[in-house]
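Data first, discussion second: the structure below is written as structure tokens.
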Amino acid sequence: MPLDIVPSVCPHDCPSACALEVERIDGRLIGRVRGAAAQTYTLGVVCAKVARYAERQHHPARLSRPLRRVGEKGVGRDAFAAISWDAALDEVAEALTRAAQRHGSETAWPYYYRGTMGLVQGDGINRLRHAMRYSREDLTICNALSDAGWLAGVGAKRGVDGREIAKADLIVVWGGNPVSTQVNVMTHVATARKERGAELVVVDPYRTATAEQADLHLAPLPGTDGALACAVMHVLFAEGYADRAYMARYTDDPAGLEAHLETRGPAWAARITGLSQDEIVGFARLYGRTKRSYIRVGYGFSRSRNGAAQLFAVSCLPAVTGAWGFEGGGALYSNHGLVALDRTLIEGLDLLDPTTRILDQSRIGPVLTGDRRDLGDGPPVTALFIQNTNPMVVAPESGLVHRGFARTDLFVCVHEQFMTETAAMADIVLPATTFLEHDDIYTAGAHTYLQIARAVLPPHAECRSNHEVISGLAGRLGAPHPGFAMSAVELIDRTLRASRLPESEGFPPGGWLDCRPSFANDHFLDGFPHADGKFHFRADWQALDADHARLPAFPDHVAVIDDGDPERPFRLVAAPSRSFLNTTFNNTPSSVAREGRPIALVHPEALEALRLGEGDRVRIGNRQGSLVIHARGFAGMQKRVVIVEGLWPNHAFEEGIGINLLTSADPGLPRGGAVFHDTSVWLKPA
Ligand code: SF4
């Protein structure tokens, strides 16, 4: 069979947005997927799960036709009968219309997230939402807390080019596990180690695969990273590592910060974090004496009730030492704010009515079960149209989520690639294309490229793209917007033109446009993106959200976490596994084989105290419920910490409900955000 190699872009919910080279066989099949060697962030490397994308693309369980449910909710494919696209779209449009006529348009809630990071196939659903005045969706589940923390100090969602990791003398991976979740970071770390003898520090509550490779691993208790960052800064000031000239020029209130930190030394932080004073001081000195120090800020430590404050505290470190000013120095949280794309056309922002209700996606459980804190005076949600996400597994407080989806008065349409556990609760299921079967444009968290990927395969069976489906519904619903009559490529080109960028045909070979700013701009040497041009040690949380600003102005440990009690002494972190990506890939054979089964990592001394042995079943619970899981002794963390990597399907657990049964839908401060790693639990022999 003839083989050709075609370019693409990984669409998955991962900062790397890898440039891909896809082996295409005979126009219909793919073989191996590789990283594009010429894209200077990807450098030819992709993770194993995407390298084996053929398993997912050609999986025998791919949805192939529109389906109407004729049996019980939750059963799966056997409860559905195939119907035509016209019949399916007619039925969805009729259900949305009937619901809106009965309760008002806000009763319908288009619900999506980052099953693709592509703007057209991901965020295009908002055009339908705004055109129809359906309820809006507050996208809090991943980055609301981390965005708030980063914006408080830096002022814009961008940081130093990820390729500069290779030029650093010290790399601090804080709250992330790139070996498992964004492998490209490790490519650049390896270069820095080989060419410069750079050191790697990892801050993470457990000894991850990345921490295994580190020169130094600090394992604070979950939710205490802010205290660690404060104590590090205390030492930087006290021992002469603070760059006072840099701070005088580039920061707002260094004297105020220094005075504030006086009482937040290593002894104070040791009590909160569970680290030793020696560990804290040793790290502070290493960081202080290394000007080319690059902090790769992960998401993990922001998934906590105090997550924004924690991330803000860490972002202050390079502003104290002046590391921002050096090549290979500074920090990166995300570069998704680097390219100012005009999203009006793709998202239909010209039709957005700011008076429409906005519902918090992380609180879909309370929303669907009628919590008035979420619904306000508005109508119940009686119609869901879902693309790109699997809330029956990924949303917190899944006991409530499952109850909500079980409602008989709730109409649900799910547009998906597989019969997920959310799709199994739907009335209508529509088969969706994969990224290899549609066109899209991608920004990236980890690098500076804007990338366009064209379809490399025809759609599988009767699958349609997200854009085609919302356009098909728009026609039936009478949603007025010119974007529905355009192709994905037209939407991309018009968006690029409105953003004063070259259109797709003008993109360099491979479809990658490097939008890297100048060195001075990248390193904020021409000022930080706040109105006063300064990095803010004194956060103006009010500016982010006046209603929810209850955080201290200076970096601090904010003791609002679920820190347990005698009945719930353990701190659970529901961390990402290596072979799954949220719930994507948790049905591909090699990923499932590698992960084995759901496992709780429990400290050996805690296991012994429970009289449990390796592999024994343990019941883990809190006020929201409990579940049974197999335990594995693991000493690479503090004794109070329990780790469950995932996300496994609910059906992988004995009682049919997974780890998010235990996580809370409480909104983190200052304006919401899921708190997946801020959960206290008890353990008992099962
Ligand atoms: S590392 Fe991330 S962006 Fe790259 S291929 Fe894997 S999932 Fe996709």
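The values are calculated or read from the model by the stated rules, or taken from the named source; none is laboratory data. Just so you know, these numbers come straight off a predicted model, no measurement behind them. Neighbour counts run over all protein chains shown; Cβ positions are idealised from the backbone, glycine included. For accessibility, only protein heavy atoms count, side chains too; no ligands or nucleic acids. Shrake-Rupley method; radii C 1.70, N 1.55, O 1.52, S 1.80 Å.
Ignoring everything except DSSP H segments at least 4 long, calculate the 222 nm mean residue ellipticity for the chain; use -39,500 (n - 2.57) per segment, divide by total residues, nearest 500. Don't skip to the end; give the middle numbers.
Working: 26 runs with 200 residues, N = 686.
Here the helix-only value at 222 nm equals -7500 deg cm²/dmol.
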ask   = With contacts defined as alpha carbon pairs under 8 Å and 6 or more residues apart, what's the relative contact order of the chain in percent?
value = 20
note = Here the cysteines of the chain lacking a cysteine partner under 4.7 Å (Cβ to Cβ) are Cys14, Cys47, Cys142, Cys230, Cys316, Cys413, Cys463, Cys515
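Nearest-5 percent of antiparallel DSSP beta bridges in the chain? It would help to have the intermediate numbers written out before the result.
On the way: 42 of 85 bridges.
Roughly 50 percent of the beta bridges in the chain run antiparallel, per DSSP.
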task = Could you pull the accessible area for Phe385 with a 1.4 Å probe, rounded to 10 Å²?
result = 10
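For region 284-365, what Kirkwood radius comes out of the mean inverse Cα-Cα distance, in Å? Numbers along the way, then the final one.
Details: mean 1/r = 0.0621 Å⁻¹.
One decimal place: 16.1 Å for the Kirkwood radius.
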remark   = Taking Arg357, Arg34 and ranking on accessible area (1.4 Å, protein atoms only), highest first, one gets Arg34, Arg357
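Where the accessible area of the chain is counted over protein heavy atoms with a 1.4 Å probe, how much of it, in %, is carbon and sulfur?
Working: 11840 of 23830 Å².
Carbon and sulfur together cover 50 percent of it.
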note = With all protein chains in place and a 1.4 Å probe, Met392 shows an accessible area in Å² (nearest 10) of 10
query = For region 635-644, in order, what is each residue's ³J(HN,Hα) by Karplus, 6.51 cos²θ - 1.76 cosθ + 1.60 with θ = phi - 60°, in whole Hz (x at glycine and Pro)?
reply = 8, x, 5, 6, 5, 7, 8, 10, 10, 10
inquiry  = Rounded to whole Å, give me the distance from the Cα center of region 315-389 to that of region 264-285.
reply    = 34
task = Report, in degrees rounded to the nearest 10, the 0 to 90 angle that the Cα long axis of helix 466-477 makes with the longest principal axis of the chain.
result = 50
query = Once both axes come from the Cα atoms, what is the angle between helix 184-196 and the longest principal axis of the chain, in degrees from 0 to 90, rounded to 10?
reply = 30
inquiry  = Could you report the accessible area of His530 in Å², rounded to 10, computed with a 1.4 Å probe on the protein chains as they sit in the structure?
reply    = 40
query = Within a Cβ distance under 14 Å of Arg611, other residues only, what is the Lys/Arg minus Asp/Glu net charge?
reply = -1
request  = Note the angle between two axes, namely the Cα long axis of helix 277-289 and the longest principal axis of the Cα atoms of the chain, as a number of degrees from 0 to 90, rounded to the nearest 10.
outcome  = 90
ask   = What is the total of Lys pairs in the chain with C-alpha atoms under 21 Å apart, excluding same-chain pairs fewer than 8 positions apart?
value = 6
key: Cut-off 15 Å between beta-carbons: net charge of the residues surrounding Ile5, Lys and Arg +1, Asp and Glu -1   = 0
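Under 1.5 on a/c is rounded, so check that first for region 66-132, then, if it is not, pick prolate when a/b is larger than b/c and oblate when it is not; a ≥ b ≥ c are the square roots of the alpha carbon gyration tensor eigenvalues.
Numbers: a/c = 1.92, a/b = 1.24, b/c = 1.54.
It is oblate, given that a/c is not under 1.5 and a/b is not larger than b/c.
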Å² per residue, accessible surface of the chain at 1.4 Å = 35
